1. Return yes or no: is Asp206 at pLDDT 95 or above, of a type in the set (Asp, Glu), more than 26 Å from Val38 (Cβ to Cβ) and not assigned by TED's automatic domain parsing to the domain that holds Asn87?
2. Starting from region 54-81, take each residue that is assigned by TED's automatic domain parsing to the domain that holds Glu135 and list its partners that are surrounded by 15 or more Cβ atoms within 10 Å (Cβ to Cβ) and of a type in the set (D, E, K, R), counting only C-beta distances under 6 angstrom and pairs at least six apart or across chains.
3. Given the criteria touching a residue at least 24 places away in the same chain (Cβ under 8 Å) and of a type in the set (Val, Ile, Thr), does Ile199 qualify?
4. Residues that are of a type in the set (Phe, Trp, Tyr) and in the same structural domain as Lys67 (by TED's automatic domain parsing): does region 115-138 have at least one?
5. Tyr160: touching a His at 6+ places or on another chain (Cβ under 9 Å) and not assigned by TED's automatic domain parsing to the domain that holds Leu34, yes or no?
6. Of all residues in region 133-146, which are more than 9 Å from the chain's Cα centre (by Cα) and surrounded by 21 or more Cβ atoms within 10 Å (Cβ to Cβ)?
7. When region 224-250 is examined, which residues are found to be farther than 29 Å from Tyr37 by Cα, surrounded by fewer than 16 Cβ atoms within 10 Å (Cβ to Cβ) and out of contact with any strand residue (DSSP E or B) (no Cβ under 7 Å at 6 or more places or on another chain)?
8. Within region 35-91, which residues are assigned to a helix (DSSP H, G or I) and among the small types (Gly, Ala, Ser)?
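The values are calculated or read from the model by the stated rules, or taken from the named source; none is laboratory data. All of these numbers come straight from a predicted model, not from anything done at the bench. Here Cβ is always computed from backbone atoms with ideal geometry, including for glycine, and neighbour counts include all displayed protein chains.
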Amino acid sequence: MKHLSIAALLICLLYAGGLAVQKPDIHEPWDQILITYVRDGVVNYSGLKERQADRQKLDTYLDTLGKADSSAFSKEELLAFWINAYNAFTIKLILDHYPVRSIKDIPHAWEQKAWRAAGQLMSLNDIENIKLRKEFRDPRIHFAIVCASKGCPDMQNRAYRASTVHQMLDDIARYFFRQPKNFQTEKSGSTLTLHLSRIFQWYGADFGQTDKELIAAMLPFLPKDAAATITRAQKIEITYIEYDWSLNGV
């Protein structure tokens, strides 16, 4: 009986310990907003602006981001946190100025230090260039953060979570290269021209120092036929597709 009581006590302690380390999902409200208001990369800004309860849900989520203690976050938690923060703050920026035809019509859209995350007052540029590009050096983030424009990668309708962030980044990278606004090929004689999103012009160094390194970074995410065509090409040239800065929603 004594041995049974000790065993029961150990089980209770283990169970309680498991509960103690379980972290709440702070991104669940953001996930609900995305599921409701994003379809095929199109954001229903007007619907979200009109629905007071969901606007309050977004504001509460942003407040949670601002108060979050990131000191104990794992690397994956930080990656998901900053991607979600960038996208959520961008949507909030658009809502605050809606109706607007383009984010570029908002003065200092990327420079204004209007957003609090993990106790820090930041701009969108700070999140992108310091928290994401500098600290992670993972070029896939360029397919995940969305600047509210049609030329940007499509907004996904799910939040990023630590447990799935790398799989999601791989998936959206593959999706990115299936869209003609981001990637096209054109063959003329022995020359293969790659028409790429201007993301690769602006942030090419994140993918490699040379065109050869850039292409190598792209290959794992390309459709198989496109990857095979590039691999066989005798000569490759790169041009950049005109970027559409009109709003990625209604």
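1. Values: at pLDDT 95 or above: yes; of a type in the set (Asp, Glu): yes; more than 26 Å from Val38 (Cβ to Cβ): no; not assigned by TED's automatic domain parsing to the domain that holds Asn87: yes.
So Asp206 does not fit the description; no.
2. Close Cβ pairs (under 6 Å, with a partner that is surrounded by 15 or more Cβ atoms within 10 Å (Cβ to Cβ) and of a type in the set (D, E, K, R)) amount to Gly66/Arg116; Ala80/Arg161.
3. Considered against the rule, which asks whether it is touching a residue at least 24 places away in the same chain (Cβ under 8 Å) and of a type in the set (Val, Ile, Thr), Ile199 comes out as yes.
4. Here is the first cut: in region 115-138, the residues of a type in the set (Phe, Trp, Tyr) are 115, 136.
Imposing the further condition that a residue be in the same structural domain as Lys67 (by TED's automatic domain parsing) reduces the set to 115, 136.
Yes, region 115-138 has at least one match.
5. Working: touching a His at 6+ places or on another chain (Cβ under 9 Å): yes; not assigned by TED's automatic domain parsing to the domain that holds Leu34: no.
No: the conditions fail for Tyr160.
6. The first filter runs over region 133-146 and keeps only residues more than 9 Å from the chain's Cα centre (by Cα), leaving 133-139.
Hit for region 133-146 is Pro139, nothing else.
7. Matches in region 224-250: Lys224, Asp225, Ala228, Thr231, Arg232, Gln234.
8. Step one: list which residues in region 35-91 are assigned to a helix (DSSP H, G or I), which gives 35-37, 45-50, 52-67, 70-72, 75-91.
Those that are assigned to a helix (DSSP H, G or I) and among the small types (Gly, Ala, Ser): Ser46, Gly47, Ala53, Gly66, Ser70, Ser71, Ala72, Ala80, Ala85, Ala88.
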